Each structure stands twice: as structure tokens, then as C-alpha cells.
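> Take this structure, written in C-alpha cells, and hold onto it; I'll ask about it next.
The values are calculated or read from the model by the stated rules, or taken from the named source; none is laboratory data. In this text the structure is predicted, and so the values were computed from the model without any measurement. In this analysis, Cβ positions are derived from the backbone assuming ideal geometry, glycine residues included, and neighbour counts consider all displayed protein chains.
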């Protein structure tokens, strides 16, 4: 049976730490490009973005085959989409890391017809062309009550033979949602596939058999030029999805030469191994000069035992040296840690944020150790009967899914929140925002506030989607962890007036003040942020437990009243909300001080509206 009208779907269900980067379904765009000459019509829908129900797309596009890409957290939603498709007479096929790992389990569902294991381009193309399923390598399917798993398909050796992803099928404009000024449009690219690393907790060895394949520099450059043209030569932020970007230093070196020649306005974000940075210092300098400026390294732990147990192949001195090399070249230095490995204890985990700061990381993600199916880590734990969570939607690196020696699952999840909040203290957020601007330039106040709000909104969304009814407790843990002497030390030494561009008139209106914003829970002060102004600038900001008594303005906000979802938070809404939620005024002096504060915010708000209108007019002019 041939298929002529294909609908490819990214379900809603992505949760946890993958939320930041997994926005554009590049895999579906590769599939669409590969089957384009074999079908009459293809559509791609991203249900993470769509407002309409999935049924409406079945009605509009009338597909005869619905393909769904799935990670573990998409499990339930992917099967729901398959059920809707089957009820409307469509054949269904699932693919991605999760179906590749558990094809037997998914085929138990009567709404699933086919599973594509591993790389899907050639397998799906043969399926839509009507080739007998028994003859398609890499395909799993049902034959009556029997589940059939054909032999694996060989890996695609020459990636240059693949057509570029079908970006023209996008129904949406993807923005860099972590960007401050919103100037850069967002895209993704895959320059290689697989990784030669042997990390025991990683899905790559199962998906790509521990083998990395590379595209040629010329082929990559042709796609980058196509991407730039697709975005009308606007500034871009491009995430390279390669799990081991520097797997072939020679290819990256040649690519840098081509990037230097074409001078595209692109800032790249890449995933790299610590040892690759240390062994290729000259190449790192060249990469940074070519716009490859955002790096995420798998640091994992400061415990030597953890690094050995997970087969990372790196050392502690390597971690520190890699971070230093990147900093010296002006790069943004990110790292990931794994907490909750079998032998870790609470005291050790609570030291992770300080270690991350000590070695000089600009940004960090702390993932709860997750045993994904098909990994050696999962198999070892499963053999010892230690896997306690079988709900795949919890496999988001923010939930505990197996027993550990020293910690309960609930406490481990709380420690993940603590670690994030203890690293992302206000001084770190300020420094993170600062790195989005050219060295020596000051950040407009509106952009600074927007950067902080974006970071808080991101933290809110990733935590609220995974913790649900425990959200308030996690918010309290985060608020407590935010009180740290490092905030005052950083703001005094650095000088906020050297980082942020304050309106002189606004500062004069404010005058000399000690503005205190207190985060409360059920009316009890948890953490306060004290801002000392001089009439010309901000002298310091400090974060303390409880409340300070000598403030001239005291603003309270209750955790129970907070909502930092992006749909409800604009640049100054948070500050306005704090003012609306304040406790009673303590007298005429504070009333006068608050009036000055409100006047200053009003002036800044007016200027913000004017600036936004100017930017909108400029964009209209660009489009013309």
C-alpha cells in the first residue's frame, strides 16, 4: 500500500531540561525532504505551538499516513495522536529515540501500525512507496497478534546525500526565546550524527551504535547559506544538534575557514566534550572568532567515582581547564551535571553549584539522573530491580525514576531545584544577561529587566510542568537558595552602572533609597532583595534571608500569588505586581518614597512603550 498524503507531527509533551532547545522538529523536516518525491503532499505540525486541536489538522489535510516523532516524555501524547489518527482512517507510524528503544511496548497499542527504528529517512521513504513491510530494514510492525522486528538498517554513511531539511514547510516563525532583544531568529542544524563517546547513561550508543558520521564542510556551508536566505539574511541564533560537535576537529577547522569567508551574522550554540576543548585549544580560538560562541559541556560531576562509573573519559583538571579556555576566548560556557547517581549523597549534591561557579561556568543545568531505556545504565539498574517509575512522562531529567542508596526520590527532586537556584543567583543572572551584549556596552534597563524576566519565566515553566502540586514547595526552596552574600559582593565590585544604562532623570526622581523586595510564603518573609540607590546610580544589591528593618520602601510579594508564565508576564509586569501586592504603608515618609518609585517606573514604562513602537516601525521598514 502506498501513501500519498502524509502528516508529520511533533506532539506536545516535551518536559524538563529539554524544553530550552527542543523547539524546532528538525528530524521531521529531514523526513519530509526525504519523501517529498514519493508523495503528493506533506504537512508538518508542531503541537507544542499549535492552538487548534489535533483533530482539526486531520480534517484539514486529510492524510492517509500520520507520523509522530517521540521522546520518552511524549509517550502518552504520541499514543493519543495515533489513536485520533486511527479513528479517522489513517495509518500510523512512530519514530525517534523512544520508539527505537521500546518498539515492542508501543506496538502493543492497537493504534500503532509501524515503528521506524533508528534513522528514518530511507525507512519511511520505502514505507510510503508501498514496499512490502517485510522487506523494509529498520521497520517494526504487527502481523495479527505477532510483533515483527525487521533487521536493523545500516547507518547512512554519506550524510551529504541527504536533502536539506524542508524548512519551507514551517507554519511558524521560531524566535530565540532566551534572547534579550529578540533580534535574532532561531534555527537548528545537524552537522553530524552520533557520538563515539561511551557514556553509560546516554541514548546515543543505542541510536547510532557508538559511531559518529560527519557531513563535509562544503555541504554544511551550503545549508547555512540556504538557512540565511530562508531568514532573509537576518541575524541568526543556530543550535547545532550534534551531541559531539568537535568529534572531527579537521572538519570543524575547515568549516571555520568557510564561515570566515562568507561572514554571516550567526551566533552558534554547540554541544562539546570537555576533552575535545582541552586537546584543541587553537581550534577553539578559531571557532569563537567564527561565531561559535555558546558551548555546553557534559561536566556531570566533581566526584571522580561518578566520572569513572559513567565512562565519561574525562578528569577534574580537564573540566577546569576547558572552562578557562572557553572564557579566555570570550565564549559563553555552559555545563550540565547529573545529580542522583547511585552513590551520591545530599551533602555532595549541595556542593555542585559552588563547584560550577568555581570552575567558571556561565550557565548550568542540573539533571536528575535518568535511566533511559536501551542504555547500559537502565539495563544495570533494571537487572537489580531498582527501577521504580514506569511512567515514561516522568523521564524528563527532573524526576527520580530509580532507587538510590542515600536519597528518596522526592528529596532528590528538591535538591535539583536547590542546585539550580543556588547557581542562578541574582549575580549570575546579571552576568548571564551581560554576556548577550558586546563587551564595554551597557545594557538598557528595559532589556536588563526583560532578560531577568525571561530567565524567571523559563525556570517557572520547566519546574511547573514537572512538579505540579509540589510547585509551591519548590518555589520556596528556590527563594531560600537565592539568599547569598555573593550578590552584594558582585554588585559592589562590578558596579551596576557599568553594566546597566540607567536613566539619569529616573535615578534623580528615585533619590537615595533602600528599596526592599521581600518574597513571602503564607505571609512569612523568606528572602529579601535590598537595592541601595544614591540618586545617581545603584550602589549595591544584596539578597538576605528574612527581612531588613531599615528600608525606606518595603514591597512584599507572596509566592502563592506569583505567576511567571510567559503569557502573563511582560517586562515591567512583575515589578507592578509587587507594588500591588505590598503590605500597608508605614507612614508619610514611606508614602512619599513610594510615590517617587511609582513616578520613576511610570517614566521608564512610557519610554519603553515609545522604544517598542520605534522597533516595530523599524521592522516594518525591514520587511518592505
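> For region 366-399, which residues satisfy the criterion of being modelled with pLDDT under 90, in contact with a strand residue (DSSP E or B) (Cβ under 7 Å, 6 or more places away or on another chain) and closer than 18 Å to residue 310 by Cα?
Matches in region 366-399: 397 only.
> For region 271-287, which positions are more than 16 Å from residue 199 (Cα to Cα) and either surrounded by fewer than 21 Cβ atoms within 10 Å (Cβ to Cβ) or outside the structural domain of residue 346 (by TED's automatic domain parsing) (or both)?
278, 279, 280, 281, 282, 283, 285, 286
> Return a yes/no flag: does region 56-67 have any residue that is within 29 Å of residue 271 (Cβ to Cβ) and surrounded by 17 or more Cβ atoms within 10 Å (Cβ to Cβ).
Yes, some residue in region 56-67 is within 29 Å of residue 271 (Cβ to Cβ) and surrounded by 17 or more Cβ atoms within 10 Å (Cβ to Cβ).
> Take region 304-319 and flag every residue that is surrounded by fewer than 18 Cβ atoms within 10 Å (Cβ to Cβ) and either under 14 Å from residue 359 (Cβ atoms) or touching a helix residue (DSSP H, G or I) at 6+ places or on another chain (Cβ under 8 Å) (or both).
Correct list: 304, 313, 315, 316, 317.
> Going residue by residue through region 499-507, is there one that turns out to be part of a helix (DSSP H, G or I), in contact with a helix residue (DSSP H, G or I) (Cβ under 8 Å, 6 or more places away or on another chain), surrounded by fewer than 16 Cβ atoms within 10 Å (Cβ to Cβ) and modelled with pLDDT under 80?
Yes, some residue in region 499-507 is part of a helix (DSSP H, G or I), in contact with a helix residue (DSSP H, G or I) (Cβ under 8 Å, 6 or more places away or on another chain), surrounded by fewer than 16 Cβ atoms within 10 Å (Cβ to Cβ) and modelled with pLDDT under 80.
> Here is a follow-up. Would you mention how many residues in region 38-74 are modelled with pLDDT of 95 or more, assigned to a helix (DSSP H, G or I) and closer than 22 Å to residue 118 by Cα?
Number of matching residues: 1.
> From the list 370, 375, exactly one residue is in contact (Cβ under 8 Å) with a residue 60 or more places away in the chain and under 22 Å from the mean Cα position of the chain (by Cα). Which is it?
Of the residues listed, the single one that is in contact (Cβ under 8 Å) with a residue 60 or more places away in the chain and under 22 Å from the mean Cα position of the chain (by Cα) is 370.
> Condition first: touching a helix residue (DSSP H, G or I) at 6+ places or on another chain (Cβ under 6 Å), assigned to a strand (DSSP E or B) and in the same structural domain as residue 344 (by TED's automatic domain parsing). Can you find one or more residues in region 374-387 that meet it?
Looking for residues that are touching a helix residue (DSSP H, G or I) at 6+ places or on another chain (Cβ under 6 Å), assigned to a strand (DSSP E or B) and in the same structural domain as residue 344 (by TED's automatic domain parsing), one finds at least one in region 374-387, hence yes.
> Would you confirm, using the coordinates I've provided, whether residue 13 is assigned to a loop (DSSP other than H, G, I, E, B), over 18 Å from residue 166 (Cβ atoms) and in contact (Cβ under 8 Å) with a residue 40 or more places away in the chain?
So residue 13 fits the description; yes.
> Would you confirm whether or not region 391-404 contains a residue that is without any contact (Cβ under 8 Å) to a residue 12 or more places away in the chain, assigned to a loop (DSSP other than H, G, I, E, B) and surrounded by fewer than 17 Cβ atoms within 10 Å (Cβ to Cβ)?
yes
> So, in region 288-303, of the ones that are farther than 16 Å from residue 275 by Cβ and under 22 Å from the mean Cα position of the chain (by Cα), which residue ends up surrounded by the most Cβ atoms within 10 Å (Cβ to Cβ)?
Out of the qualifying residues, it is 292.
> Just a yes or no: is a residue in region 226-234 over 21 Å from residue 170 (Cβ atoms) and out of contact with any helix residue (DSSP H, G or I) (no Cβ under 8 Å at 6 or more places or on another chain)?
No - not one qualifying residue is present in region 226-234.
> Every residue in region 100-132 that is part of a helix (DSSP H, G or I), within 24 Å of residue 211 (Cβ to Cβ) and free of Cβ contacts under 8 Å to residues at least 40 places away in the same chain, please.
Once the filter is applied, which keeps residues that are part of a helix (DSSP H, G or I), within 24 Å of residue 211 (Cβ to Cβ) and free of Cβ contacts under 8 Å to residues at least 40 places away in the same chain, region 100-132 yields 123, 126.
> Which of (1) surrounded by fewer than 20 Cβ atoms within 10 Å (Cβ to Cβ); (2) modelled with pLDDT under 80 is the odd one out, the single condition residue 463 does not satisfy?
The number of the failed condition is (1).
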